[in-house]
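Trainee: So that we are looking at the same thing, I have put the structure below in structure tokens.
Each reported figure results from applying straightforward, stated rules to the coordinates on display, with no laboratory input. Since we're looking at a predicted model, the values are computed, not measured. Note that each Cβ is placed from the backbone with ideal geometry, even for glycine, and that neighbours are counted across all protein chains shown.
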């Protein structure tokens, strides 16, 4: 009922957007400041409304998440203990401390499970690199957990979007997209002020 017919350009733009948001949400420091889940929800509802193939949607998001965690790990490798001197972590040391405690407790499993835990998701790969985790272990864990995240988050949101598309007219779907985005931005601002 609420299906939207995107042009090839519009479809490509949405696929680029889910890749970029998934990447940014996974990046060290940056991911803590971006309301990734809300933005991904809004984009995924739009993708479902536009009937973009699920496999393609999840693949693009998975690739972004894989790359974001990989970049964070490489940044941690390069910085090492100097990561404690980064301005952001000097102002917000609790983010780094949480990531370190989580990594020390769970090791390789922290990479696989950490991406499902919002507040520490962008920090764990950075910490793993800084604490000299074996690159082989990291890339194996990243390769396994990225698709699992894509299915758990993006596929679930997509199916929700399909339900909205089938149940509501286009204006209602558009209103839901706008609301999801606004709520995500508001929550992000409130969290950042609280930890500011």
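Trainee: Taking the simple approach of a point 7 Å from Cα along Cα-to-Cβ for both residue 140 and residue 13, what is their distance in nm?
Mentor: It is 4.4 nm.
Trainee: Hey, could you pull the Cα Rg and Dmax for segment 40-160, both in Å?
Mentor: 15.5, 46
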